[in-house]
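Input: a single structure, listed below in structure tokens.
The values are calculated or read from the model by the stated rules, or taken from the named source; none is laboratory data. As the structure is a computational prediction, the values presented were derived from the model and not from experiment. As a convention, Cβ positions derive from the backbone with ideal geometry for all residues, glycine included, and neighbour counts pool all protein chains shown. For accessibility, only protein heavy atoms count, side chains too; no ligands or nucleic acids. Shrake-Rupley method; radii C 1.70, N 1.55, O 1.52, S 1.80 Å.
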Amino acid sequence: MPNIVVLVKQVPDTWSERKLSDDDFTLDRESADAVLDEINENAVEAALKLKEEHGGNVTVATIGPERAVEALRKALSMGADDAVILSDDALAGSDAVQTAWALSTVIDAIGDVDVIITGNASTDGGTGTVPAVLGVYRGLPVLTHMRSVAIDGSTVTGERETEDGVHQLKANLPAIVSVTEKANEPRFASFKGIMAAKKKPVRELTLADVAAEAEQVGLENAATSVTAATPKPPKSAGERINDEGDAGVKLAEFLKSQKFI
């Protein structure tokens with residue numbers, strides 16, 4: 001029976017206006033509604049399906065401010081068993097490398113883990129590098145951008161879909177797997193699940209509880225940083241094509257000018 005950890009993240013809602021802070025260009029997380037990242041719902045669903053087939057335990061883990069517990073509760077309401085959060089002011093502004101390191105220390109605190117499942121990329125940062133960097137830190141095989149995941153004995157298998165086709169991947173456990181939105185259709189949390197989630201345990205950690213130190217994380221110690229940002233330009237009026245018998249030609253010319261064709 002596998003012990004599965006799903007790494008999740010609370011992000012600003014894509015339907016809200018996302019802003020960067022004026023001083024350090026980090027994401028202003030207070031300016032928008034916060035939600036469990038959609039791709040993480042696919043990761044949780046993949047873990048729950050593995051549990052339904054093989055048994056075991058599903059733990060959801062995150063790093064972030066205290067309000068990130070809300071994202072954990074959403075995952076718990078879907079059916080995860082328990083949760084862990086690493087929350088510390090020193091973590092603010094951490095880049096992808098530091099985030100992977102902090103997550104690795106959280107996994108150490110959890111204990112023996114057979115499968116670590118993530119989304120392929122978050123909607124706020126979008127680097128898509130955390131699973132691979134985490135694999136380096138933990139010395140584990142990493143199966144990325146998977147559209148399916150299965151466990152067969154001591155191995156994990158699945159399909160990765162790229163522009164070049166579909167590839168069959170296989171690795172020995174323990175391993176790290178990142179999934180795309182094609183992996184499954186996340187289940188909706190039932191009322192029973194939402195009520196049960198309120199009673200499920202959430203373990204709260206700080207840097208003092210794990211093998212990470214303030215000098216290893218945070219904006220001041222990050223290897224990468226944003227030095228400038230340009231606001232998204234306002235939407236402009238579209239171009240209207242009057243059909244005088246040649247609308248198809250004009251449309252094709254427009255698409256060609258915009259390099260769509």
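Which FRET efficiency value, to the nearest 0.05, do you get for Ala171 and Asp108 by plugging their Cβ-Cβ distance into 1/(1 + (r/R0)^6) with R0 = 22 Å? Each step should come with its number before you reach the end.
Numbers: r = 21 Å, r/R0 = 0.93.
Between Ala171 and Asp108 the formula returns 0.60.
Return the long-range amide H neighbours of Ser122 (sequence gap of 5 or more, or a different chain), with a cut-off of under 5 Å between placed amide H atoms.
So Ser122 has HN proximity to Thr127, Gly128.
Check Arg203: other-chain or 5+ apart residues with amide H under 5 Å from its amide H, H built from backbone geometry?
Residues meeting the amide H criterion: Ala83, Val84, Ile85.
Could you tell me which of the pairs Lys51/Lys170; Lys49/Lys259; Lys170/Lys259; Lys9/Lys199 are separated by over 30 angstrom between their Cα atoms in the structure shown? All intermediate terms of the calculation are to be shown ahead of the outcome.
Values: Lys51/Lys170 19 Å; Lys49/Lys259 42 Å; Lys170/Lys259 39 Å; Lys9/Lys199 21 Å.
Beyond 30 Å: Lys49/Lys259; Lys170/Lys259.
Mind listing the long-range amide H neighbours of Ile117? Cut-off is under 5 Å, sequence gap 5 or more, other chains count too, H placed in the peptide plane at 1.01 Å from N.
Answer set, sorted by chain and number: Val5, Val6, Leu7, Val177.
Calculate one ³J(HN,Hα) per residue across the range 102-116 by plugging θ = phi - 60° into the Karplus curve 6.51 cos²θ - 1.76 cosθ + 1.60, and present them in order as whole Hz with x for glycine and proline.
3J(HN,Hα) across the range 102-116, in whole Hz: 4, 5, 4, 5, 5, 4, 4, 5, 6, x, 5, 10, 8, 9, 10.
Ordered by packing density, taken as the mean number of other Cβ atoms within 10 Å over each peptide's residues, highest first, how do 64-71, 152-159 rank?
Per-residue Cβ counts within 10 Å, averaged per peptide and sorted highest first, yield 64-71, 152-159.
Step through the residues of the range 157-170 one at a time and calculate ³J(HN,Hα) from phi using the Karplus curve (6.51 cos²θ - 1.76 cosθ + 1.60, θ = phi - 60°), rounding each to whole Hz and writing x for Gly and Pro.
Coupling constants for the range 157-170: 10, x, 10, 10, 9, 10, 5, 8, x, 10, 10, 8, 10, 8 Hz.
Thinking of the chain as a set of Cα atoms, what percent of all their pairs are more than 27 Å apart?
Numbers: 14649 of 33930 pairs.
In whole percent, the share of Cα-Cα pairs in the chain beyond 27 Å is 43.
What percentage of the solvent-accessible surface of the chain, computed with a 1.4 Å probe over protein heavy atoms, is contributed by carbon and sulfur atoms?
Ligands and nucleic acids excluded, carbon and sulfur give 50 percent.
Based on the alpha-carbon gyration tensor of the range 53-185 and its eigenvalue square roots a ≥ b ≥ c, which shape applies: rounded if a/c is under 1.5, prolate if not and a/b is larger than b/c, or oblate?
Verdict is prolate for the range 53-185.
Mind pulling the angle between the C-alpha long axis of helix 247-257 and the longest principal axis of the chain? Nearest 10 degrees, somewhere in 0 to 90.
Roughly 60 degrees between the two axes.
Scan the range 193-261 for trypsin sites (Lys or Arg not before Pro) in coil per DSSP, keeping those whose Cβ has at most 11 other Cβ atoms within 10 Å, and list them by number. Mind showing how you got there, number by number?
Numbers: sites: Lys198, Lys199, Arg203, Lys235, Arg240, Lys250, Lys256, Lys259; in loops: Lys198, Lys199, Lys235, Arg240, Lys259.
Passing sites in the range 193-261 are Lys198, Lys199, Lys235, Arg240, Lys259.
Sequence gap at least 6, Cα distance under 8 Å: using those rules, report the relative contact order of the chain to the nearest whole percent.
Once normalised by length, the contact order is 23 percent.
Show me the ranking of peptides 35-42, 216-223, 102-109 by mean Cβ neighbours inside 10 Å, starting with the highest.
35-42, 102-109, 216-223
With r as the distance between the Cβ atoms of Asp33 and Thr230 and R0 = 35 Å, compute the FRET efficiency 1/(1 + (r/R0)^6) and round to 0.05.
Working: r = 24 Å, r/R0 = 0.69.
After rounding, the FRET efficiency stands at 0.90.
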